[in-house]
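Colleague: What follows is a structure written as structure tokens; I'll ask about it next.
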Amino acid sequence: MGSYLSLTSRLSIIFSLTMLAIWGLVSLVLMQSLEQHFARQDEEDLRGKMILVKNLLSARLEDGPSDWRRLESQLQNALSGYGDHFLQIRSLQGQMLADTRATPSPLPALASDSALPFNESWVTGGVRYRSITERLSLPAPVSGQSGPVLVQVVVNTRYHQHFLDEIHMALLWLTAGIALISVLLGWLASHSGLKPLRSLARLSTQVTASKLDHRLPLSKAPAELHGPIRAFNDMLDRLEDSFQRLTTFSSDIAHELRTPVNSLLLQTQVALSQTRTAGDYREALYANLEAAERLGRMINEMLFLAKSDQGQLAMQCEPLDLADEVDELIEFFEPLASEQQVRLNRQGQARMQGDRAMLQRAISNLLTNAIRYTPPRREVHIRLKTDEAGASLVVANPGPAIPREEWPRLFDRFYRADHARQTVTEGTGLGLAIARAIVTSHGGTLSVHSDPRETCFTMHFPASPQQPA
């Protein structure tokens, strides 16, 4: 692949081309204005010379008889102070009557009588000529010639052209200088303007797993870069938060796995420390089996969450009546609730599309927590509702309020609120995380609200085309 220009080089080139385009337009307008100015000046000059010739001819012919040779000499003397001017006088039939040219200078054919007065411009040998042609009636015969004649006054614009050529050359040199200066200024401007991006690159090289607290300041950055800088800082915030959660998760998982493993080792070591009866060995194996089952449950739940994170959950969606599903779970949890002296109550109806097994697992996790933390002789409410926005399921239980600052972390893996860190807790600490993963995989949300009266976990599933509101 070919190499690409740096952003600084691109901005410098764009800046230079823009400056040159503006300067080229200014130069073009300047040259056009000068040429038009000189053209108007030459036209006024030619009209003045035409008036001079008319007056001279009238005066000489009124003084007495004359011929064209004498008049030609007199006209040449009259125009001798104007080295760039000469004239020709011809008859209407094209016969040359007078010509004051000192050197042969090319002249175009005279205009027809119907086109007079006539202004003309042409270039010969790199020199521009301008002329004016008019018809003049002779007040007296000259060498037998009487009646109207054509008078053409011509000006050589080589001095104007020389001035314009000098201006043109000066503009070329000035354009070269402006091109060089614009490249340098463009490079300086882009280099200075892209300084925050270089700082961003340097900062990104400093970010490591142990240094996620670096942030790029906005105070010295141009307004155009505020958006990318905010996005970069927000990304670092998310990375820092995610890494902190990952660190906490790693610590928690090590702690959670160490407990059943240590239990297995300790019980096995105690059982093998001396000769025991078959009943003692059987009791030790049952204890090991309980620890192994808890360890297996934890590993299976972690694998489930890993699949959820990778979007690999295999779902079999079907129309569900949540009231029937909740009633079935209430019947299943009734013995546990009776043991805790807690009543379960379901209210409302709701229908949705979802995976039956997964949703039962998510609702079971919420009911397990609700039963566990509900005081004796109190009631857990399961409220169902369907509206235009979709279906919702609320599991509400009385009990100690959870501090608001802990709400976002309740769904973190292995996280337990302080009031939940009790010896009666026998779960893996992954129940709420699994419930949220299941709800999220159905396109829904799982939220929590807690106050001194009750704690509510709300599942909300948006309406789908297959789900009647």
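Colleague: Do the conditions hold for residue 294, that is, is it part of a helix (DSSP H, G or I), under 60 Å from the mean Cα position of the chain (by Cα) and touching a residue at least 40 places away in the same chain (Cβ under 8 Å)?
Modeller: Spelling it out, residue 294 is indeed part of a helix (DSSP H, G or I), under 60 Å from the mean Cα position of the chain (by Cα) and touching a residue at least 40 places away in the same chain (Cβ under 8 Å).
Residue-wise test of (1) in contact with a His (Cβ under 6 Å, 6 or more places away or on another chain); (2) surrounded by 11 or more Cβ atoms within 10 Å (Cβ to Cβ).
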position: 155; (1), (2): yes, yes
position: 168; (1), (2): no, yes
position: 177; (1), (2): no, no
position: 189; (1), (2): no, yes
position: 196; (1), (2): no, yes
position: 205; (1), (2): no, no
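Colleague: Take the residues in the stretch 216-235 that are of a type in the set (A, V, I, L, M, F, W, C) and closer than 16 Å to residue 193 by Cβ; name whichever of them is modelled with the lowest pLDDT.
Modeller: 221
Colleague: Now for a separate question. Residue 383 fails exactly one of the following numbered conditions: (1) under 18 Å from residue 331 (Cα atoms); (2) under 45 Å from the mean Cα position of the chain (by Cα). What is the number of that condition?
Modeller: So residue 383 meets the others, but not (2).
Colleague: Can you tell me which residue in the stretch 6-62 is nearest to residue 193 (Cα to Cα), limited to those that are of a type in the set (D, E, K, R) and surrounded by 16 or more Cβ atoms within 10 Å (Cβ to Cβ)?
Modeller: Across the stretch 6-62, the extreme among qualifying residues is 42.
The values are calculated or read from the model by the stated rules, or taken from the named source; none is laboratory data. This structure is a prediction, so every number in the text was calculated from the model and none was measured. Please note: Cβ atoms are built from the backbone with ideal geometry, for glycine as well, and neighbour counts cover all protein chains shown.
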